[in-house]
Amino acid sequence: MTTLKAVPLVAPGHTRPVTHLSFSPILDDNTYLLVSSCKDGNPMLREWTGDWIGTFLGHKGAVWCTKLSQDGSRAVSGSADFTAKVWDTFSGEVLHSFPHNHIVRTVAISRTSSHILTGGQEKKVRIFDLGRPDADADLLGDPGTTPHDKTVKSVVWVGEHTGVSAGEDGNIKWWDLRTRKLTTSLAFPNPITSMELSLQTNRLVVTSGETVAFIPALPGTAPTRSLNLPYSPSSASIHPTLQDRFVTGNLGDEWVRVHGMDGKEMDVLKGHHGPVHCVDFSPDGEVYASGSEDGEHTFIIVATKLKSGIT
C-alpha cells in the first residue's frame with residue numbers, strides 16, 4: 001500500500017488560543033463538519049476542507065468546548081462567561097442560553113438533541129432538558145455533594161442513557177441519566193487532561209499524565225488499553241476505522257505526533273507556533289485537525305486516498 005505524505009492545511013480566523021476541536025459524524029450528504037472553540041469567545045463552524053461556514057457570536061468570554069449534534073443541525077458550547085449555549089448551525093442563532101455559577105469547561109449533546117450535559121469549575125455535572133429550557137437543570141449525584149473534587153474537564157454522552165464525566169481529580173465516572181445516579185468509576189493517579197468519545201470505535205480516549213488510555217465507552221464491553229508516552233499529551237484521538245494509530249498534541253512543544261497502538265512514534269508534524277491543545281480525527285479517518293496556542297487550527301490530510309479538491 002502506498003502511503004501519501006501528510007498535507008497540512010492552515011485554517012486561520014481565530015485570534016487567541018484554540019481550546020477544543022470536534023468533528024461531526026458523517027452527515028446525510030456524506031460530508032462532515034468541524035467546530036472549533038477558542039479563547040476569543042467565537043466558536044467557528046467549518047467544512048471538512050477547512051473552509052469557513054460561520055462564526056457563532058454571543059459569548060462574552062473564552063469558549064472552552066463546542067460540540068455538534070448527530071445531524072449537524074445544533075451546536076452546544078461552554079464558556080468562561082458562565083453560560084452554556086445551544087445554537088442553530090444553519091442560522092447561527094442562539095436557541096437557548098443556560099446560566100451557571102462558574103466557568104463551563106465542557107458540554108455534550110444527546111444523540112436525539114433533546115438534552116445537554118455540562119461541567120466545569122463548579123465541580124458539578126448538570127443535565128438540561130431542551131424541551132423545557134426554562135426548567136431547572138438536574139444535578140448528577142447525591143444531593144449536597146459534587147460528582148468531582150476538582151474541575152470537571154470533560155463530559156460525553158454515550159448511547160441513550162449514559163453520561164460520563166472526567167475531572168482534574170483523576171476520576172472518570174459513569175452515570176445512569178435516567179436515575180441521575182453513579183454506576184461505576186475509574187481512578188487515575190494524575191489529573192485527567194482530556195477525554196473524548198470515539199463514536200466509531202465506541203471507546204473513550206483519555207489522557208492523564210504521560211498516559212493515553214482507550215477505555216470502552218460502556219464498562220465491561222471490551223478491555224481497556226493504556227500506553228505510557230515519553231511526554232504528557234494534552235489530547236489524543238484514535239483513527240476511527242483502521243484503529244491502528246492515534247494522534248496527540250502536548251503543551252511541551254509545538255508538534256503533533258502520530259503513534260501506533262504499541263506506542264511507537266510513526267510521524268511528527270511541525271507547523272504550529274505554540275503548544276498544541278487539542279486534536280481530533282474526522283469520522284472517516286481521512287483528516288485530523290489540531291488546535292494550538294498560536295490561534296490557528298490545522299487540518300492534516302492523512303489518507304492514502306484523498307477526497308476530491310485536495311491535492
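The values are calculated or read from the model by the stated rules, or taken from the named source; none is laboratory data. It should be emphasised that the depicted structure is a prediction, and the values quoted were computed from it without experimental measurement. With ideal geometry, Cβ positions are generated from the backbone for all residues, glycine too; neighbour counts draw on all protein chains shown. Heavy atoms of the whole protein, side chains included, go into the accessibility calculation; ligands, DNA and RNA do not. Shrake-Rupley method; radii C 1.70, N 1.55, O 1.52, S 1.80 Å.
List of remarks:
- Qualifying positions in region 41-63 - buried (at least 21 other Cβ atoms within 10 Å of the Cβ) and either over 18 Å from the mean Cα position of the chain (by Cα) or within 17 Å of TRP157 (Cβ to Cβ) (or both): HIS59
- Residue within region 244-259 that is under 26 Å from LYS39 (Cα atoms), among the small types (Gly, Ala, Ser) and part of a strand (DSSP E or B) present: yes
- Output for region 119-139, where each listed residue is part of a loop (DSSP other than H, G, I, E, B) and more than 19 Å from PRO191 (Cα to Cα): LEU130, GLY131, ARG132, PRO133, ASP134, ALA135, ASP136, ALA137
- Subset of region 107-118 that is polar (S, T, N, Q) and part of a loop (DSSP other than H, G, I, E, B) - its residue that is farthest from LEU199 (Cα to Cα): SER114
- Number of residues in region 270-290 that are in a strand (DSSP E or B), farther than 27 Å from LEU27 by Cα and open to solvent by less than 30 Å² (accessible area, probe 1.4 Å): the value is 1.
- No other residue among THR179, THR183, THR207 is within 23 Å of HIS272 (Cβ to Cβ) and modelled with pLDDT of 95 or more apart from THR207.
- Selected residue (only one of PHE90, PHE82 is free of Cβ contacts under 8 Å to residues at least 40 places away in the same chain, open to solvent by 20 Å² or more (accessible area, probe 1.4 Å) and at positive phi): PHE82
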